Each structure stands twice: as C-alpha cells, then as structure tokens.
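Structure first, commentary second.
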Amino acid sequence: MQGKALLRFESPTLTQRMRSMLGVDFYRLFHTPMYYIFLTIAAIIPAMVVSMAGMGGPDGMAQAAPLYTNMWNIIAADTPLYVVRDIGDYANMNMVFIFGGIMVSIFIGHDYRSGYVKQLFTTHAKKLDYMLSKSIVCAFAMACMCGTYLLGGMAGGILAGLDMDVNVGSLLIALLGKAVMSLGWASLYTFINVVLRRYFGVSITLSFILGTGIPIIGAAAILGNTPALNVFLYGASVYACLSSNIFTLLVCVVISCLWAVACNALGTLVLSRSDVY
Amino acid sequence: MNAIEIRDLSKQFGSKQAVNNLNMTVPEGAIYGFIGENGSGKSTTEKMICGLLVPNDGSIRLFGKDYRDDTTRSKIGVLIEAPGCFPNLSVWNNMMIQAANLDIKNPEREIAKVLKTVRMEGAASNKFKNCSLGMKQRIGIAMALLGRPRLLVLDEPINGLDADGMRIMREVLTDVTQKHDCTVLISSHILGELEKIATHYGIIRGGRMIAQMTAKQLEDSCRTYIALRVKEKDKARRLLTSAYAQVKEDESDAIRVYDDAMPEEIVSLLYDNSVIVSEIKKAKVGLEEYYTDLMAEREERRA
C-alpha cells in the first residue's frame, strides 16, 4: 500500500513573497499598453503646453503672452506656489500624479474585474504584500512618467526657444523630490482603489480629484502660501521647486514615506477585515 | 486528521443570512460532493474556506490549522466560479503568473504537466479571452492543480464541459485523491456526474447543512424499487396501485414500485390479469432522486 505523503506547511519569507509578487506586477505593467499610453501622454502634455502657449493667433492676430519664459518652469515653479493664479502656475510635473491616479485605478480595477485577486488571495499571498507590491510598481510607473514628462517638457521648450537658465542642483533635487513623491501618491491611490474596489467609477474620480490637488489649492486660497500644506502629498510635491535644497528633498522623502506607511497599513487592515471578492 | 472542519459557520450579506451555523467535516482523501440548490450557500461556504470571504461567526480549520494561516493556502488549489485570468494574456502566461504567486520551482515543467493532465497543452499559446467556456474551465482546473495541492476546492467545475471534459475531470479527481493524497471539495448541480466520483456528500439548504454522509451510507439509505415496462401501462398501473402503496411513473415512462416487493410477485400479479411484462429490473434510487426526495420532505415539513 502506498504510504501517505507527509504534509508540510511551508512559510515563504516576506522577501520571497514580495519577489514573486513584484515579478508578476512588473510583468503585467510592462505588458499592458496602458502603461506606454500614459508614458506618452506624460511626454506630450508638457511639450504641447510649452510649445503652444507662445504661438501666434490665427490670421496674424497678436501673439499670446507666453506662459513661461524659462523652459524649466514646465517642470516646477521657481518657488513653492500653493496658490494658483493661472495655468502657468499650475501646469508642471505635478500633473504626472493626475495621470498616475488614473493609471493606478485602471491597474487595480483590472485585478478585480479579471478575478485575478481571487486567484492571488487563495495562495499564500498576504494582504500586505498586495498593498506593497502595487504601491511600489505604481510608484515606479509614475517615476517613469516623470522621466518622459521631463523629456517632453525639454523638447517643447527647445522648440519654443525658451530660456534654459537654471540652478542645476536645485533642478535635480526638484526632479528627485517629485520622483520620490511618487511612492506616497501611488500608496494613496492603491489605498483608495482597494477601499473602493467595488466602485470603479468613484475610485477613479476620487483619484483624479486628489491628483489635481484641488483640495490643497482650495485650502491654499484660504490659508495662503503656507508651508503647513507640505504635510499633504500635493503640498510636498509643489514644495519640490526650482529653488529646492537638500531640506526640500528631506521633506519629500519624509512626507512620501509617512503617507506610504499610513496608506499601506490602512489598506492592509481594510483588506484583512473585509471580503476580498 | 480532517482536511476541512467547519463549526457553526455563519455569513450574512446585509440582511440576508447566506450561511447559518453550518457544520461540515471533510476527511482527508475524500471527494466531498457539496450539494444544494441555487443560493443555498455552497459558493459562500467555499469562498470562506478559501479566505475570500470573512465569516461573521464560527471556525474553519484546514488540516488542523486556522483557515487564515497563510501557509495552509499554498496547499489549496481553487476554482471558484471561473478562473481569474487576464483575458489579453496567453493561457501559458496566465499559468506562469499563478506559478509565480505560488512560488513554484521549475514552473515550466509543472505548467506543462498540469496542462497535459487536462488535455490543454495545445491551447497554451491561445489568448485566454479566445478560449471557449469548456476550455476556460479546464484551464481553471489546471491552475488549481498547480503546486501539487493537498486540498482542491472546486465550485461548479463541470459546468460547460463536454462529455470528454467530464470524463477527464473524473479521471483527474480520482487520480489526485488516490495517488497524491489530495482531498477534493466539489460542488455541482450535475448530480449524476458527482455520484460517479464522490466518496462523501454534504447537502446544504438555506445556509444549513441538512445531511452529511459517505457514499456507502447514501447507498444504504437509498430506497430500492422495481422498474418495469408493459404494453398496457394504464391497466398495469391501476393493478399495481391497488396492490402497492408507492407506485410512480419515471421520466423514461417506466413504472416504479417502491415497496419491498419481489419482482416475481409483480410479474405474477400482472400475468394473472393478462398484462405482459416486457422488461423488469430491481434498482436503487440515485443521488439525484435521493436529493429531490430529501428536498421535498423538507418542504413538506416546513409547510
């Protein structure tokens, strides 16, 4: 008679679990057309804003006043501008976080629509792994969008013949700061989409609204240009500007990490205490 | 050790009590047929076992461990409703994703093996969305078999399968239980198919387990009857009804006598009244009829 096989329960470590889950999520990211569409959008928008803002009107009408005189203003404002007066103050690399919000909603929404989560959560995968993996992968995607945004903005600026003078150190810190903020944003969007997983329309709308920074811009209109707004993701993202220094980067790292920890912890709690599917 | 042990399990969706103080025991190595009408709580119970739904009350133990223990999950293969695959990816890539989630060593070999088991090796390069319903079910079963599970939880896996698919399914389930010490929990409405493989049964109604038994116990508790075919059916039925308490006509137009009658007595009775019997056999009611009778009995009790 054949003996019974010994039943062994293996417990993969967090590293092992994360490695396989990140592998799957990165594979999915690189194999979905949506990712490349958003990268392209992130490049086209700044190029269009910069190159079209100073164009002449039809039939020889007077040329509109250019939004920017300096090419790098499409990346970030000269100083942190929480109060927005015109589109020039608003249109900068922070727009990437709007595209990112929509992308994360579609990415996570697809997990639920396809039934993939059902397949995933019947393995040894933990809810925390899911939150972390989605946050990391989406943060990477948003950081890549920052890259294509930079390229698009530069191309537009060169075409428009804008001034290129900048403090390179501050510019690099601003770029790095915004890339770092991607982690906080991605975690927030992941949290929103996990909580509102049964309401795709609501989650994508909420992600869009938060990504535009409307609540913070509204608060700034009342409170004025106060650094207190830096505790919010949009505030810290605005803080990474062309006059950034190492303290700016520190603020971005701390705020982004705090939001990431809070959103991932809350998301894990929600997933653990509620029905998955 | 029992593969599944459920005690006083309850689940409520809003005001609807989907599962109500359910108790269930699935011994290791069993093929447990989980039967019940639509909305009786089968899928909800299975989803709770797999950790997809959070129970309101009660306990679920899998191989002696709490169902929330993540280590037990790697030993469970699941097919609930339909496989959770990405429609635009190929069958192979979907399988690779699940293999990665299960942290399977040498996934290519394992995937090729399970696809061969369900005779789907030729469809590996097809996009999942282009597969037929039957193919998708087979892929779902292949996915559930990944990682050599010790417990398979299958919700309506036979749905959409053709005759060949059903035969393969029977072979696979029998094989995994006999050769690989796997336990199977399977729910299905196709009771005829279930009857061919199940070693244990659980019947659920209104979220409560109303009967649990082994296949042997079911067989013992099933009534025997004598089925016969005659030319003069009306006359024969009149005669039999006057002599026996329970006489019915089945869907194949045969007359069934459920009392403990001997075939010889019935033939003599009919022969004496000039009714010629063309076919007669002694048989037992099947699972389907047992289930229908049980449901009718419950309905009567409620009324």
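Quick notes on this structure:
- Nearest-ten-degree value, helix B:107-117 long axis tilted from longest Cα axis of chain B: 10 degrees
- Taking the Cα centre of segment B:223-301 as reference, the dipole from Cβ charges on Lys and Arg (+1) and Asp and Glu (-1) amounts to some 160 debye.
- Backbone N within segment B:274-303 under 16 Å of label point (7 Å from B:Ser252 Cα along the Cβ vector): B:278-290
- Helical runs assigned H by DSSP (4 residues or longer) give chain A a calculated mean residue ellipticity at 222 nm of -22500 deg cm²/dmol, each run adding -39500 (n - 2.57) before division by the residue total.
- Going by neighbour counts of Cβ atoms within 10 Å, the residues A:His31, B:His200 line up, fewest first, as A:His31, B:His200.
- ³J(HN,Hα) computed for each position of segment B:180-191 - Karplus, 6.51 cos²θ - 1.76 cosθ + 1.60, integer Hz, glycine/proline x: 10, 6, 8, 9, 10, 10, 10, 10, 6, 8, 8, 5
- Think of the protein assembly as shown as a dipole: +1 on every Lys or Arg Cβ, -1 on every Asp or Glu Cβ, centred on the Cα centre; then among B:Ser268, A:Phe97, A:Thr268, A:Thr268 lies furthest on the positive end.
- Here the protein assembly as shown is assigned +1 on the Cβ of each Lys and Arg and -1 on the Cβ of each Asp and Glu. Its dipole about the Cα centre then comes out at about 740 debye.
- In segment B:12-134, one over the average inverse separation of all distinct C-alpha pairs is 16.9 Å, which is the Kirkwood hydrodynamic radius.
- Net charge dipole, segment B:2-214: roughly 240 debye, given to the nearest 20, about the Cα centre with Cβ charges of +1 for Lys and Arg and -1 for Asp and Glu.
- Neighbour net charge for B:Gly160 - beta-carbon separation under 14 angstrom, K R +1, D E -1: -4
- Linear extension gain, B:Leu294 paired with B:Asp66, 0.36 nm per residue minus alpha-carbon span: 78.8 nm
- The percentage of C-alpha pairs in the protein assembly as shown whose separation is greater than 48 Å is 33%.
- Highest-first arrangement of B:156-169, A:253-266, where packing means the average Cβ count within 10 Å: A:253-266, B:156-169
- Dipole of segment B:46-183, positive end: most advanced residue of B:Gly122, B:Tyr67, B:Pro149 [Cβ charges, Cα centre]: B:Gly122
- Karplus-derived HN-Hα couplings along segment A:69-85 (A = 6.51, B = -1.76, C = 1.60, θ = phi - 60°), whole Hz, x at Gly and Pro: 9, 10, 4, 6, 5, 6, 7, 7, 6, 5, 10, x, 10, 7, 8, 9, 9
- Debye intensity ratio in log₁₀ form over the Cα atoms of chain B, taken at each q of 0.07, 0.08, 0.13 Å⁻¹: -0.35, -0.45, -0.94
- Dipole of the protein assembly as shown [Lys/Arg +1, Asp/Glu -1 at C-beta], most positive-end residue of B:Val230, A:Ser135, A:Gly213: A:Ser135
- Euclidean distance of C-alpha centroids, segment A:163-178 and segment A:107-128, integer Å: 39 Å
Every read-out reported here was derived from the displayed coordinates using simple, explicitly stated rules and does not represent laboratory data. Quantities reported herein were computed from a predicted structural model and do not represent experimental measurements. Methodologically, a virtual Cβ is constructed for each residue, glycine included, from the backbone with ideal geometry; neighbour enumeration extends over all protein chains shown.
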